[in-house]
1. Could you grab me the full set of residues in segment 222-266 that are among the polar types (S, T, N, Q) and either touching a Gly at 6+ places or on another chain (Cβ under 6 Å) or crowded, with 16+ Cβ neighbours inside 10 Å (or both)?
2. Within segment 347-380, count every residue that is surrounded by 15 or more Cβ atoms within 10 Å (Cβ to Cβ) and part of a loop (DSSP other than H, G, I, E, B).
3. In segment 303-323, how many are without any contact (Cβ under 8 Å) to a residue 24 or more places away in the chain and over 16 Å from residue 269 (Cβ atoms)?
4. Consider segment 90-124. How many of its residues are in contact with a Lys or Arg (Cβ under 8 Å, 6 or more places away or on another chain) and modelled with pLDDT of 95 or more?
5. Contact list please: Cβ distance under 8 Å, first residue in segment 72-85 and free of Cβ contacts under 8 Å to residues at least 40 places away in the same chain and over 13 Å from residue 105 (Cα atoms), second residue outside any loop (DSSP other than H, G, I, E, B) and hydroxyl-bearing (Ser, Thr, Tyr), pairs at least six apart or on different chains.
6. Between a first residue in segment 164-180 that is more than 14 Å from residue 135 (Cα to Cα) and modelled with pLDDT of 95 or more and a second residue that is assigned to a loop (DSSP other than H, G, I, E, B) and of a type in the set (Ser, Thr, Tyr), which pairs have beta carbons less than 6 Å apart while being 6 or more apart in sequence or on different chains?
7. Of everything in segment 287-331 that's of a type in the set (D, E, K, R) and more than 17 Å from residue 274 (Cα to Cα), which residue is farthest from the chain's Cα centre (by Cα)?
8. Only residues that are in contact with a Leu (Cβ under 8 Å, 6 or more places away or on another chain), in a loop (DSSP other than H, G, I, E, B) and among the acidic types (Asp, Glu): list them for segment 101-125, please.
Amino acid sequence: MSFDTVTEATTRERTVMTLQIPSRMTAVQLVGHGGLETLRYSDDVATPQPGEGEVLIKVAAAGVNNTDINTRIGWYSKKIEDATDTGGADGFEDIDDTDATWSGVPMAFPRIQGADCCGHIVDVGEGVDGARIGERVIVRNMLRSYVGYRPFECWTFGSECDGGFAQYAKAPSRETHKVDCDWSDAELASIPCAYSTAENMLHRAQVGAERVLVTGASGGVGSAAIQLAKRRGAHVTGVAAAAKTGDVRAVGADDVVDRNADLAEAVGRETVDVVIDLVAGPTWPSLLDILKRGGRYVTAGAIAGPLVSLDVRTLYLKDLSLIGCTFQDDIVFENLVSYIERDEIRPIVAKTFPLSEIGRAQEHFLAKNFTGKLVLLPPA
């Protein structure tokens, strides 16, 4: 078959698929910072059009994450000092809209949230090979294309641009990754935010075959961190509610500690090489107590509260490293795709909900009575 024939066939395929794309779609729009009432489900939202360098994805599944709720309630504003669940359902009475996003830039409403996205490419913009149409993909949630790939800058999919809580979503082609695997859509949609966050923390801390402690071990990021740390040869201790001990062990943890326990007593002082923390809050100082001299503390969350008490003497006398993680090197997401395709990891999907029940899904998320991920399924 000649090149011209292949090109003509690809063009025909693209034309057929594009004709099947409706001009209006179903989506959940966030209309302002606040409680669950700010999430508006509608079947009359304009379907996005892929621009130069972008692809259009028919969304098959979209995971639920802390960041979706944090963004909705404006928790990223420095004015908020409470744990995330404090305003998770009803929002906060008083926030500062000017710094209530990841980037610190005021959010434009309405916004389609959803940091996770799994689906198939159905159209491409200018400069993108039409042969990509039909690929099964996931989208890197920390997007660099829109900030010119500058170091330590990124947009969050579903925050600084529309995300996956819809029938269709657009994303940069170079950050939309084809994945070949036999996973369900719900499993694949569990990867982008939680697993890239966890892998980024391990990558930045250069975790190897050493002793690692993971807080919030039953959650999406925590359970991902356990699997990914075990993949690197680490001995992993998970911290979780006592009722979830069996679940956390099933994920791969070598040991599990009750989140209400005295960590220094349960784990031992100066026995841990790396702490992967997603919780922070009042018990934070104990995490530094259990670190060995020269240990590394890594964080990408503060669900129990963002303000902590630090004795600087502990920091410098023990030669500790404190590492904050948001920005991700390109290799982080590329590695995740390779782990999936080699079947080295597997997410736990606790429950799925139709997109129309996003409020119920977020209430279930806030209750924390599950292990793994919750996933939303848009209408076909």
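The values are calculated or read from the model by the stated rules, or taken from the named source; none is laboratory data. The model shown is predicted, which means the values in this text are computed figures rather than measured ones. Please note: Cβ atoms are built from the backbone with ideal geometry, for glycine as well, and neighbour counts cover all protein chains shown.
1. Initially, segment 222-266 is screened for residues among the polar types (S, T, N, Q), giving 223, 227, 237, 245, 260.
Listed by number, the residues that qualify are 223, 227, 237, 245.
2. Going through segment 347-380 one residue at a time, the tally reaches 7.
3. Summing the residues that are without any contact (Cβ under 8 Å) to a residue 24 or more places away in the chain and over 16 Å from residue 269 (Cβ atoms) in segment 303-323 gives 2.
4. Step one: filter segment 90-124 for residues in contact with a Lys or Arg (Cβ under 8 Å, 6 or more places away or on another chain), giving 91, 94-96, 99, 110, 113, 118-124.
In the following step, the residues that additionally are modelled with pLDDT of 95 or more were identified as 110, 113, 118-124.
Count: 9.
5. 75/84
6. Once the first residue is more than 14 Å from residue 135 (Cα to Cα) and modelled with pLDDT of 95 or more and sits in segment 164-180, its partners that are assigned to a loop (DSSP other than H, G, I, E, B) and of a type in the set (Ser, Thr, Tyr) give 168/47.
7. Restricting attention to segment 287-331, the residues satisfying the condition of being of a type in the set (D, E, K, R) are 289, 292-293, 296, 311, 313, 318-319, 329-330.
If we keep only those that are more than 17 Å from residue 274 (Cα to Cα) as well, we get 311, 313, 329-330.
Values: 311: 31, 313: 34, 329: 15, 330: 15 Å.
If we take residues in segment 287-331 being of a type in the set (D, E, K, R) and more than 17 Å from residue 274 (Cα to Cα), then 313 is farthest from the chain's Cα centre (by Cα).
8. Matches in segment 101-125: none.
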